[in-house]
Amino acid sequence: MRLRNAVCLFSIFGGALSAATLPKFREQTIATDLKGGYQVIAADVNGDGKPDLIALGSNMPELVWYENPGWKRHVIADGRSRMINVAVCEAGKGTIQMVLAEGFSSEAKNSPGIVSVLKPKGDPREPWSVTEIDRLPTSHRFRVADIDGSGKKVVVNAPLTAAGAGGPDYRGRTPLVYYRHGEWKRILIGDQNEGVMHGIYVTDWDGDGRDEILTASFVGIHVYDLGAGGKWTRTELTKGDPAPWPKSGASDVAVGHLAGRRFLCSIEPWHGNQVVVYRQEGGAWRRQVLDASFVEGHTIQAVDLYGDGRDAILAGDRGKGGEAVYIYTAEDQAGTKWVRHPLDVGGVAAASCAVVDLNGDGRPDIACIGSSTANLKIYENLGR
């Protein structure tokens, strides 16, 4: 096995997806010129009801999108520098806007963390306007969330490190903030996380109709929840990798379900080599390393391949010599046995993957962007 740093938290019950029923996938390369490919997200950019693909490369001056179904390339914004993440937010009347982070470096002193709002001027196929709204050092991960259940989503900004931090220890408290659409004023969620905070995930964790925010950092995986009176609470789920700082904690996190019970997945430690599963036993989470052979794990997803409520794990390695995407399936009802299946080995240095039905056949497809391979690939789910 090749995973060196990915982790998953599981509360598992019921049946599991059999290795024999793993779908067939048809591979298609969309682009090969995405230098420093870092993020791919799916969104209906032109409002035609089909999910398009937005691709961000940290070594590119252009933020681009590819139009479904022919995958024609369009430029959203040019003249950018060291882009790191983009999020899509609804702007009303079927239109969207984007929030972009650029000027990124893992060393806070070299990372102004420029945050800008991108708006279409009319035809989304033409260049968009770019308006700076904030500067927060090492701004790194953007996600949208409905934190109060109103349906009005905010944009969450998770910087990589504290403002004065530097490697290799990155000591300091790392802030987590958000922006309300239209107001674009920075609002603090909390700064309890320490060291590198590499991954965030948005989900209704407690089933109250509001989104909570999961974070993966040097001090583990935590849930941030907005309570009464606008006060945020932070709850530890797991400390992640038990190795000493700065090899501790978690790097990326996702949430899935298996036979009615949810689980968490994470890369551990930062840019790590392990895929781990946590199963809940007597109120505690048991840590099980599934794979410890990644060179530099950088993306993880929970994927319901058949729409039956049983998620598999999708994990990507972007490290040199380890370029790959794998799918892991549970082989027993307790979730104690997992099997790894190669989706793409050597073809993409997967820094980010998106899971979405691209062709409208009801099956989730997979899109992955490669860093050193500079490519964007689609894996069409052909079913059983």
Boolean, ASP357 is in contact with an Asp or Glu (Cβ under 9 Å, 6 or more places away or on another chain), in contact (Cβ under 8 Å) with a residue 12 or more places away in the chain and farther than 17 Å from THR21 by Cα: yes
Residues of region 358-383 satisfying the condition of being in contact with a Lys or Arg (Cβ under 6 Å, 6 or more places away or on another chain) and surrounded by fewer than 20 Cβ atoms within 10 Å (Cβ to Cβ): ALA374, GLU380, LEU382, GLY383
Residue match in region 208-228 (condition: open to solvent by 60 Å² or more (accessible area, probe 1.4 Å) and either part of a strand (DSSP E or B) or in contact with a strand residue (DSSP E or B) (Cβ under 8 Å, 6 or more places away or on another chain) (or both)): no
Top-ranked residue in region 282-302 [being touching a strand residue (DSSP E or B) at 6+ places or on another chain (Cβ under 8 Å) and more than 19 Å from ALA330 (Cβ to Cβ); ranked as surrounded by the most Cβ atoms within 10 Å (Cβ to Cβ)]: GLY297
Restricting region 122-145 to residues that are within 24 Å of the chain's Cα centre (by Cα) and of a type in the set (A, V, I, L, M, F, W, C), the residue that is farthest from SER58 (Cα to Cα): ALA145
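Among the residues of region 303-319, which ones are farther than 15 Å from TRP338 by Cβ and surrounded by fewer than 24 Cβ atoms within 10 Å (Cβ to Cβ)?
Answer for region 303-319, where residues must be farther than 15 Å from TRP338 by Cβ and surrounded by fewer than 24 Cβ atoms within 10 Å (Cβ to Cβ): ASP304, TYR306, GLY307, ASP308, GLY309, GLY319.
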Residue that is farthest from ASP48 (Cα to Cα) [pool: residues in region 142-154 that are open to solvent by 10 Å² or more (accessible area, probe 1.4 Å) and touching a residue at least 12 places away in the same chain (Cβ under 8 Å)]: ASP148
Single unsatisfied condition, LEU100 versus (1) under 17 Å from SER58 (Cβ atoms); (2) open to solvent by less than 40 Å² (accessible area, probe 1.4 Å); (3) assigned to a loop (DSSP other than H, G, I, E, B): (3)
Residues satisfying the stated conditions in region 324-354, i.e. under 22 Å from LEU56 (Cα atoms) and assigned to a loop (DSSP other than H, G, I, E, B): GLY346, GLY347, VAL348, ALA349
Pairs where the first residue, in region 175-196, is touching a residue at least 12 places away in the same chain (Cβ under 8 Å) and the second is surrounded by fewer than 20 Cβ atoms within 10 Å (Cβ to Cβ) and aromatic (Phe, Trp, Tyr), C-beta under 6 Å, 6+ apart: ILE189/TRP232; GLY190/TRP232
Test: residue in region 284-292 that is polar (S, T, N, Q), in contact with a Cys (Cβ under 9 Å, 6 or more places away or on another chain) and farther than 27 Å from PHE142 by Cα: yes
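Quick one: is VAL275 open to solvent by less than 40 Å² (accessible area, probe 1.4 Å), of a type in the set (Val, Ile, Thr) and either in contact (Cβ under 8 Å) with a residue 12 or more places away in the chain or not in a helix (DSSP H, G or I) (or both)?
Yes, satisfied.
The values are calculated or read from the model by the stated rules, or taken from the named source; none is laboratory data. Not measured: the values here are computed from a predicted model. Quick reminder, even Gly has a Cβ in these numbers, built from the backbone with ideal geometry, and neighbours come from all protein chains shown. To get the accessible areas, we keep the full protein, side chains included, count just its heavy atoms, and leave off ligands, DNA and RNA. Shrake-Rupley method; radii C 1.70, N 1.55, O 1.52, S 1.80 Å.
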